[in-house]
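One structure below.
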Amino acid sequence: MTGPALPPVLAADGLVAGHGDRVVVPALDLAIEAGTITALVGPNGSGKSTLLMTLARVLRARGGVVRLDDVPLGELGSTAIARRLGVLPQTPAAPAGARVREVVEQGRFPQRGAWAMLRRRDDGAIDRALALTGLGDLADRRLEALSGGERQRVWIAMTLAQETGVLLLDEPTTALDVRHQLDLMRLVERLRDEQGMTVVMVLHDLNQAARHADRLVAMREGRVRADGPPDAVLTPATLLDVFDLPAVVVDDPVTGRPMYVAR
Ligand SMILES: Nc1ncnc2c1ncn2[C@@H]1O[C@H](COP(=O)(O)OP(=O)(O)OP(=O)(O)O)[C@@H](O)[C@H]1O
């Protein structure tokens, strides 16, 4: 017997999103199921980051509603949201002179009450996040003394230290070398498999998205043009429709997932 379907972890109903007077996402419906990895893909300027940041309430929705665990975001305080949902923006910033461990510690703030000191549980979460991102040896280094890819891993560690059940990641593999990209994608899969984490991420590498995500949502001009499992979305017709890209699609020889090759 199957019970009633669980509500989606994160849902947008008739969502309108944009910047200033400019509407970027005119009306979008999206429901994200628990324990899944979703990749948002699409050309530059198609509204992926705008959508992701509006789902996280970093940007206010201009119409429609976003629900987190079936509760409208507008009814939740920012601490309640941050305890449930971690977000990695495209260009995070830290105060000058900050050290790696101090930046990762920032991820713990939503989990602590007012006036609370760092507790053992916070230290554990920070150590785990540093270890998962391979930053243990760099913990005392200043952020500005790191390479671009190392710095990107610090932001990922900060988001992981928040220990939320939902992660929204905007281009998390940017600046990472091929080994660290694969490590990060495998880490995301492990978090889904072992902790039931729900992940939505913007990715530019379509083959990476098809390889590691359960679902691809392809956007163009603020609208969803294709949505489904990788083999339904990564097709020559969608590549042409969404990216104006003539391509063939073959099976990835390692995973059997679809893989495109541009013509
Ligand atoms: N802060 C902002 N103020 C005004 N317009 C913005 C702002 N940020 C983005 N835009 C505009 O909104 C549109 C969508 O941008 P968005 O960053 O959401 O696209 P994207 O699909 O994530 O693009 P990319 O792949 O280049 O990161 C673009 O036309 C962009 O110029």
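Quick note: the coordinates plus some simple rules give every number you see, no bench work behind them. Since the structure is predicted, the reported quantities are computational estimates derived from the model, not experimental observations. Here the Cβ positions follow ideal geometry from the backbone for every residue, glycine too, while neighbour counts run over all protein chains shown.
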**Item:** Neighbour-limited loop hits for GluC sites (Glu not before Pro), region 18-124 (at most 13 other Cβ within 10 Å; DSSP other than H, G, I, E, B)
**Value:** none
**Asked** Going through region 97-202, which trypsin sites (Lys or Arg not before Pro) have at most 12 other Cβ atoms within 10 Å and a DSSP loop state?
**Response** 119
**Item:** Charge dipole magnitude, Cβ of K and R +1, D and E -1 - the chain, Cα centre, debye nearest 20
**Value:** 580 debye
**Prompt:** What residue among 23, 154, 178 shows peak mean-square fluctuation when the chain is described by a Gaussian network model with Cα springs under 10 Å?
**Reply:** 178
**Message:** If you take every residue apart from residue 25 with its C-beta less than 10 Å away from the C-beta of residue 25, what net charge results, scoring Lys and Arg +1 and Asp and Glu -1?
**Reply:** +2
**Item:** Only Lys, Arg (+1) and Asp, Glu (-1) charged, at Cβ; region 126-209 dipole about Cα centre in debye
**Value:** 40 debye
**Asked** Dipole of region 1-104, Cα-centred, from +1 at each Lys and Arg C-beta and -1 at each Asp and Glu C-beta, to the nearest 20 debye?
**Response** 400 debye
**Item:** For the chain, share of DSSP beta bridges that run antiparallel, in % to the nearest 5
**Value:** 60 percent
**Complete:** Which residues qualify? For residue 219, with a placed amide H closer than 5 Å and at least 5 residues away or on another chain, they are 41, 42, 225
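Would you mind giving the average projected area, over all directions, of the Cα convex hull of region 62-155 in nm² with one decimal?
Over every viewing direction, the Cα hull of region 62-155 projects on average to 7.8 nm².
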**Prompt:** Of the residues 171, 144, 189, which exhibits the maximal mean-square fluctuation in a Gaussian network model of the chain defined by a 10 Å Cα contact cut-off?
**Reply:** 144
**Request:** Would you look at the GNM of the chain, springs on alpha carbons closer than 10 Å, and say which of 252, 170, 231 moves the most?
**Result:** 252
**Fill in**
The Kirkwood hydrodynamic radius of the chain, taken as the inverse of the mean 1/r over all distinct Cα pairs, in Å, comes to 19.2 Å
**Prompt:** Taking the alpha carbon gyration tensor of region 1-118, what are the square roots of 5 times its eigenvalues, largest first, to the nearest whole Å?
**Reply:** 27, 21, 14
**Fill in**
At the level of C-alpha centres, the distance separating region 59-113 and region 1-46, in angstrom, is 18 Å
**Request:** Specify the angular offset, from 0 to 90 degrees and rounded to the nearest 10, of the alpha carbon long axis of helix 178-195 from the longest principal axis of the alpha carbons in the chain.
**Result:** 80 degrees
**Complete:** Filtering trypsin sites (Lys or Arg not before Pro) in region 1-73 by DSSP loop and by at most 12 other Cβ atoms within 10 Å leaves 60
